[in-house]
Amino acid sequence: MHSREEIAPGVHLLSSFNPQVGITFNQYFLVDEQPTLVSSGYIDMVDDMRRCIDEVADATKLRYIVAPHFEADECGALRTWQGIAAAAEPIVGAVCSRQLSGFGLTTKFKQVNDGDVVSIGAMRLRALTVGAEMHLWDGIIVFEESQGILFSSDFFSQFGEQRLEGEAFTNSLVKMYQMTMPSRPKTEVFIDKVRDLPIRMIAPGHGFVITENINAYIDAIAQACLA
Ligand SMILES: [Fe+2]
Ligand SMILES: [Fe+2]
């Protein structure tokens, strides 16, 4: 069962824990002129997510769905959402756009390149191209510029139902990163891009929101994966 929490003005975390895989699945609903969802969730999460969204807005008015890469928790329910909200359009990187059209899932998407900014009203989503997909193809993560929130998808994620503390939190975050991205060159690109950002909050696809020690966590990933 998903819960909803407003983690910043107009930014709602939708989340539930899956005990079989030991991680939470997070999506984010952004209330703005163009209501936007970050990650579609799995198809079987849609009813629950819609209940959470309808508490603060009208889910049928959804305009954008950021799909960071071609994996079921990030974009599996795109078609279902497009059935609920006729104007809903995925924001995707180049690889994901090819998968969506190649599988016949949808040809209605907004394809973005590195550095492109999509304004959804007061909020502005800047796309960063980083390794992510099957075969380590590039996907995207997005940085919301007005509030400094990095929607980092599988990166900066952690295991568990309860938030860990101290070293255990750092270790969980580093371990999840290593599982997600076992490529040194792609990690170099990732670290370079996130180090330059004025991040005030990290909103990951799994685990807990991060508002403190952000530079230390970036350093911990760099040390473990680039040393
Ligand atoms: Fe993923
Ligand atoms: Fe994920």
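All of the numbers you see were taken from the coordinates with simple rules; none came from a lab. Computed from a predicted model, the values in this text were never measured in an experiment. Neighbour counts are summed over all protein chains in view; Cβ atoms, including those assigned to glycine, are modelled from backbone coordinates with ideal geometry.
Observations
- Considering only residues in segment 128-152 that are assigned to a loop (DSSP other than H, G, I, E, B) and among the charged types (D, E, K, R), the one that is farthest from ligand 1 (Cβ to nearest atom) turns out to be E145.
- Restricting attention to segment 12-24, the residues being in contact (Cβ under 8 Å) with a residue 40 or more places away in the chain, farther than 13 Å from C52 by Cβ and surrounded by 12 or more Cβ atoms within 10 Å (Cβ to Cβ) number 3.
- Filtered residues of segment 158-181 (kept if surrounded by fewer than 23 Cβ atoms within 10 Å (Cβ to Cβ), in contact (Cβ under 8 Å) with a residue 24 or more places away in the chain and of a type outside the set (F, W, Y)): G160, E161, R163, T170, S172, V174, M176, Q178, T180, M181
- Matching residues, segment 56-80, being closer than 28 Å to T180 by Cα and either aliphatic (A, V, I, L, M) or surrounded by fewer than 24 Cβ atoms within 10 Å (Cβ to Cβ) (or both): Y64, I65, V66, A67, E71, A72, D73, G76, A77, L78, R79, T80
- Test: D116 is surrounded by fewer than 18 Cβ atoms within 10 Å (Cβ to Cβ) and either within 27 Å of Y177 (Cα to Cα) or within 16 Å of ligand 2 (Cβ to nearest atom) (or both): yes
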